[in-house]
Amino acid sequence: MSSDFRAFPADPATTARLGELGLDYRLLAPDDRDALAGWSEADNRGFHHPRPTPEFLEREVALLQERRVHGVYDPGLDGPIPVATVASWPTALSVPGGRSVDGWAVAAVTVAATHRRRGIARAMMEGELANAVTAGAAVAMLTATEATLYGRYGFAPAARAATLEVDRRRAVWAGAEAPGRVRYVTDAAAFRRAAGQIVRRQVARTPGEIDRWPALVDRMLGLDDPAGERARATRVARYDDERGQAQGFVSYRITRDGMGAGVVEFDFLAAATDDAEAALWRFLLEQDFVSTIRAGLRSVDEPLRWLLADQRAITTTVGDHLWLRILDPAAALEARRYEGPASLVLELDDPLGHAAGRYALEVSARGVAEVQRLDDGAEDPSSETRAARRSKPVHGLRLGVDALAAMYLGDARASLLARAGRVAETGPGSLAVADRLFSASRAPRLSIWF
Ligand SMILES: CC(C)(COP(=O)(O)OP(=O)(O)OC[C@H]1O[C@@H](n2cnc3c(N)ncnc32)[C@H](O)[C@@H]1OP(=O)(O)O)[C@@H](O)C(=O)NCCC(=O)NCCS
């Protein structure tokens, strides 16, 4: 990956396209605090958030200084507030096999309501794909406000998220007793380092997770704005193993409507071990004077239902969450591990060009892949002699770059996508081979918005 992802200039094709619309596409300098503050105003307006306070702007500017920030300006309007925003940065994405791939995160895509549907978002998104390639990322990723926005650029949902609602009265614990213990975190600042380490370990063991930035861990702990309403309502509990080492924490709040029982809500339960995850769930489920426990951004294969006596205590809603775009298929495919051995030829269609081509994936018995781009004059397994082919059948799939993204972390099986007409096999038995190869023991999951 490029060492300074903020140093290369704004994408010339995007600059030209927006120029034709009479707009100015600008890469903001990290030390231009006024421009970054104006950009943040536009970002908040775009997402229908309230106007930022000076303290909020201060924190935002500090975060944006760590990102590649573009604004689109209309010279007909005065002032520092752009009519469109986008921010991006390089980050690792965890993939099956306990490894990671170089990725490019895209966030804060907004276009002012006064300038919508003129092609500004499309120009910025295609610019971001170009930036990702320049920075050396194999994939780009984002989380989306609407599911209809990003398929057109080759993105597809690659990890879904579950919202779980548990009926407290029915939630009788049936799991084992955890060997460690849960306790409250009373000094969140002192816990910051341990929390960061736990989060890093959770990210490393979960395909679909991306690196966290320090301000996000602070937010989880309520340290970003300690006097603010959200932080004051937040409580943090940790799980320590039998040796007293912190292995997980949860940041939660309990809301109450009048004199009624409370509702426990949490998005951040980070666990480096299964014991920590189970113990923290139990702690939340066994709160008194609570009717419901509501958890967001959980895994679609959460072990919770096997930890309760009554699985019907849980209501689950699942939706798309991480959207992935493969830009360099060879690098992306080689980054993860597979259920090998097997060979598969992928014929990829990519209307935007980045990943189009034929790729031979050769996976060893240990699950390590080697990928060859066949268009580059490499020997094509399908051109082997008939005798050789009979002894070693050539399995292959024809698919769009978005379908590969859906399969990449193990979320959608090739055979499922084939049933929807999104993947076709080029030789008999190929779907079964692909299903086995791409399967992952842990369902992919992303537990943050970005
Ligand atoms: C979503 C948003 C960025 C679109 O910006 P825009 O400049 O109007 O989009 P464009 O004119 O470039 O449209 C690009 C394509 O997306 C489509 N599109 C745009 N908004 C859409 C929407 N809300 N739903 C479905 N399709 C949409 C357009 O029809 C167009 O399709 P095409 O190029 O394939 O013909 C803008 O409406 C916005 O800021 N919304 C609020 C904030 C938000 O939700 N941002 C997304 C963050 S994940």
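The values are calculated or read from the model by the stated rules, or taken from the named source; none is laboratory data. The structure presented is a predicted model; accordingly, all values stated were derived computationally and were not measured. Cβ atoms come from the backbone with ideal geometry, glycine included; neighbour counts cover every protein chain shown. Remember, those area values only see protein heavy atoms, side chains included, never the ligands or the DNA or RNA. Shrake-Rupley method; radii C 1.70, N 1.55, O 1.52, S 1.80 Å.
Of note:
- Looking across region 1-41, the residues that are open to solvent by less than 50 Å² (accessible area, probe 1.4 Å) and over 23 Å from Ala121 (Cβ atoms) come down to Ser2, Ala29.
- Residue selected from region 113-126 under the condition open to solvent by 10 Å² or more (accessible area, probe 1.4 Å) and touching a Lys or Arg at 6+ places or on another chain (Cβ under 9 Å), by the criterion farthest from the ligand (Cβ to nearest atom): Glu126
- Among the residues making up region 47-76, those that are under 22 Å from Thr15 (Cα atoms), at pLDDT 95 or above and more than 16 Å from the ligand (Cβ to nearest atom) are Leu64, Gln65, Arg68, Pro75.
- Of all residues in region 428-441, those satisfying the criterion of being crowded, with 16+ Cβ neighbours inside 10 Å and at pLDDT 95 or above are Ser430, Leu431, Val433, Ala434, Asp435, Leu437, Phe438.
- Some residue of region 96-103 being open to solvent by less than 80 Å² (accessible area, probe 1.4 Å) and within 16 Å of the ligand (Cβ to nearest atom): no
- In region 127-139, the residues that are away from the ligand (no atom under 15 Å from the Cβ) and either open to solvent by 10 Å² or more (accessible area, probe 1.4 Å) or outside any strand (DSSP E or B) (or both): Ala130, Asn131, Ala132, Val133, Thr134, Ala135, Gly136, Ala137, Ala138
- Any hit, region 140-152, residues being open to solvent by 30 Å² or more (accessible area, probe 1.4 Å), touching a residue at least 60 places away in the same chain (Cβ under 8 Å) and more than 8 Å from the ligand (Cβ to nearest atom): yes
- Test: Thr114 is outside the structural domain of Phe283 (by TED's automatic domain parsing) and more than 23 Å from Trp323 (Cα to Cα): yes
- Pick from region 78-95, criterion at pLDDT below 95 and open to solvent by 60 Å² or more (accessible area, probe 1.4 Å), ranking: farthest from the ligand (Cβ to nearest atom): Asp78
- Across region 233-253, the qualifying residues are those that are part of a strand (DSSP E or B) and hydroxyl-bearing (Ser, Thr, Tyr), and the one among them that is nearest to the chain's Cα centre (by Cα) is Ser251.
- Here Val109, Val199 are screened, and the one residue that is within 13 Å of the ligand (Cβ to nearest atom) and crowded, with 22+ Cβ neighbours inside 10 Å is Val109.
- Filter pass, Phe266 being touching a Phe, Trp or Tyr at 6+ places or on another chain (Cβ under 6 Å), open to solvent by less than 20 Å² (accessible area, probe 1.4 Å), outside any helix (DSSP H, G or I) and of a type outside the set (Gly, Ala, Ser): yes
- For beta carbons closer than 6 Å, sequence separation of 6+ or different chains, a first residue in region 300-311 that is in contact (Cβ under 8 Å) with a residue 12 or more places away in the chain and a second that is charged (D, E, K, R) and surrounded by 13 or more Cβ atoms within 10 Å (Cβ to Cβ), the qualifying pairs are Val300/Arg160; Asp310/Arg170.
- Test for Ala171: is it more than 14 Å from the ligand (Cβ to nearest atom), within 20 Å of Asp211 (Cα to Cα) and either touching a residue at least 12 places away in the same chain (Cβ under 8 Å) or open to solvent by 20 Å² or more (accessible area, probe 1.4 Å) (or both): no
- Qualifying residue in region 363-372 (condition: among the hydrophobic types (A, V, I, L, M, F, W, C), open to solvent by 60 Å² or more (accessible area, probe 1.4 Å), at negative phi and at pLDDT 95 or above): yes
- Within region 192-232, considering residues that are among the basic types (Lys, Arg) and not in a loop (DSSP other than H, G, I, E, B), the one nearest to the chain's Cα centre (by Cα): Arg200
- Residue count for region 42-73, restricted to those that are open to solvent by less than 40 Å² (accessible area, probe 1.4 Å) and more than 16 Å from Ala215 (Cα to Cα): 11
- Residue list for region 338-351, restricted to those being open to solvent by 60 Å² or more (accessible area, probe 1.4 Å) and not acidic (Asp, Glu): Pro341, Pro351
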